Amino acid sequence: MARVEYVTCLNESYQSQGFPEYRWSVYDSSPFVPLSKSLNQSKVALISSGGIFREDQEPFNGWAVNDFSLRVIPIDTPFSRLRLNHNYFDHRDAVKDYNCVFPIHRLQDLAEEGVIGQAAKLAVSLGMGRTYKRSGLLQETIPTVVSKLQEQEVDVALLVAA
């Protein structure tokens, strides 16, 4: 089977729709920080780009470009109070079970089973779509996310890409 050049195919698809060529981020190195304690003693936070929000929060703009906003959601929020607004992935299964893109129940299961120490009380939801202005992520979104994690004394973040 031939290898699919995902980045090339994606660029060709977007360019055929009139978008400029996407400039992918390339990092030659990144800091590695080893976990200072075992996972079963660690507090784990959920960060999802699935466009999940609570019914009393402002919905994400499903067609947004460069949306750097986020929603902070208590993990004990019933799924009946959650909504999804994201137009950049097929979310038919996610609306049937939000755990597909916002696995708070699975994180709670891991805590109950002793695999992780505990789940952070607040999860972070992003409505990432077409993000061309990476500086906005670095200057706006990421510092806010880091602050939310530090406030909760989180050791590990589970990143769920939609």
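Below, the figures for the structure above:
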quantity: Contour minus Cα-Cα distance for F32 and L10 (0.36 nm per residue); calculated: 5.0 nm
quantity: The range 26-51 and the range 64-97: distance between their alpha carbon centers, rounded to Å; calculated: 21
quantity: Summed residue charge, Cβ within 15 Å of G50's Cβ, Lys/Arg positive, Asp/Glu negative; calculated: +2
quantity: Contour minus Cα-Cα distance for F19 and V156 (0.36 nm per residue); calculated: 45.7 nm
quantity: Helix-only CD estimate at 222 nm, as mean residue ellipticity for the chain, using -39500 (n - 2.57) per DSSP H run (n ≥ 4); calculated: -6000 deg cm²/dmol
quantity: Theoretical gain in end-to-end length, R130 to N99 [0.36 nm per residue, Cα-Cα removed]; calculated: 8.9 nm
quantity: Cα gyration tensor, the range 62-113 - rounded (a/c under 1.5), prolate or oblate; calculated: prolate
quantity: Neighbour net charge for L137 - beta-carbon separation under 13 angstrom, K R +1, D E -1; calculated: +1
quantity: Length-normalised contact order of the chain in % [C-alpha pairs under 8 Å, at least 6 apart]; calculated: 37
quantity: Stokes-Einstein D in µm²/s, Kirkwood radius over Cα pairs - the chain at 37 °C with 0.692 mPa s viscosity; calculated: 189
quantity: Cα centre as origin, Lys/Arg/Asp/Glu Cβ charges: the range 35-160 dipole, Debye; calculated: 300
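Values in this text are rule-based calculations from the coordinates and carry no lab data. Note that the coordinates shown come from a computational prediction; the quantities given were computed from them, not determined experimentally. Note that each Cβ is placed from the backbone with ideal geometry, even for glycine, and that neighbours are counted across all protein chains shown.
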